[in-house]
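S.K.: Sharing a structure, written as structure tokens. Questions coming.
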Amino acid sequence: MEMQMEDLRLCDSEYRFMTLVWEHAPVGSGKLVELAKEQLGWKKSTTYTVIKKLCERGFIQNEQAVVSVLVPMERCQAVESDYFLERTFGGSLPAFLASFLGTKKIKAAEAEELKRMIDEFKENG
């Protein structure tokens, strides 16, 4: 069954944990415990609770103590970006860019890359 957009949202701590999984998967659950302790300051019980929760929600699977990814990072990033844009800027990409850039200047190469991306993603018509 296809996950809906709202099902793909992660709280901050889940997202930070998923970055470890995305970076290291497939990875043993014991190694994830070490990584979470080292990088997130989590206890073993916290890590296993989050693994269980994310398995139940369909983000990862844990088979024979090996955790693998079911939902790729890019999909979660797209959902988070859409949610942020809608919530903060009423869905307006130009309003976001104006706010983000503020008084900053961007390099000519960055401006060209943005123009290229806009052309690539522009709706036909």
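S.K.: Between ARG87 and LEU114, what's the calculated FRET efficiency when r is the beta-carbon distance and R0 is 35 Å? Round to 0.05.
M.R.: That gives a FRET efficiency of 0.95.
S.K.: Which lysines, on any chain, are close to LYS43 with Cα under 28 Å apart, when same-chain ones fewer than 8 places away are left out?
M.R.: Cross-link targets: LYS31, LYS52, LYS53.
S.K.: Now, a different point. In region 74-121, with Lys and Arg counted as +1 and Asp and Glu as -1 at Cβ, which of these residues, LEU101, ILE118, GLY91, has the Cα nearest the positive end of the dipole, that is, farthest along it?
M.R.: Working it through, the farthest residue towards the positive pole turns out to be LEU101.
S.K.: Starting from the Cα of LYS104, draw a straight line to each of the aspartates and glutamates and keep only those under 20 Å, dropping any in the same chain fewer than 8 residues away.
M.R.: Once the sequence-local aspartates and glutamates are set aside, what remains near LYS104 is GLU112, GLU113.
S.K.: Right, something else. Region 7-71: D in µm²/s via Stokes-Einstein (Kirkwood Rh, Cα pairs, 20 °C, 1.002 mPa s)?
M.R.: After rounding, the answer is 188 µm²/s.
S.K.: What lysines does LYS115 reach when the alpha-carbon gap must be under 17 Å and sequence neighbours fewer than 8 apart in one chain are set aside?
M.R.: LYS105, LYS107
S.K.: Please rank ILE106, ILE60, fewest neighbouring Cβ atoms within 10 Å first, as an exposure proxy.
M.R.: Listed from fewest to most nearby Cβ atoms, that is ILE106, ILE60.
S.K.: Tell me, rounded to the nearest percent, the portion of alpha carbon pairs in region 74-121 spaced more than 13 Å apart.
M.R.: The proportion of pairs with Cα distances above 13 Å equals 67 percent.
S.K.: Sum -39500 (n - 2.57) across every DSSP H segment of at least 4 residues in the chain, then divide by the residue count to get the 222 nm mean residue ellipticity, nearest 500.
M.R.: Mean residue ellipticity at 222 nm (helix-derived): -20000 deg cm²/dmol.
S.K.: What's the magnitude of the charge dipole for the chain around its Cα centre, counting Lys and Arg as +1 and Asp and Glu as -1 at the beta-carbon? Answer in Debye, nearest 20.
M.R.: The dipole magnitude comes to about 520 debye.
S.K.: Which of the trypsin sites (Lys or Arg not before Pro) found in region 51-125 are loop residues per DSSP with 16 or fewer other Cβ atoms within 10 Å of their Cβ?
M.R.: ARG57, LYS104, LYS105, LYS107, LYS122
S.K.: Could you give me the percent of Cα pairs per 5 Å distance bin for the chain, shortest bin first, beginning at zero and ending with the bin that holds the maximum distance?
M.R.: Per 5 Å bin, starting at 0, the Cα pair percentages come out as 2, 9, 16, 17, 14, 12, 11, 10, 8, 2, 0.
A short reminder: the numbers here are calculations on the coordinates, not readings from a lab. Quantities reported herein were computed from a predicted structural model and do not represent experimental measurements. Cβ: placed from backbone, ideal geometry, glycine included. Neighbour counts: every protein chain shown.
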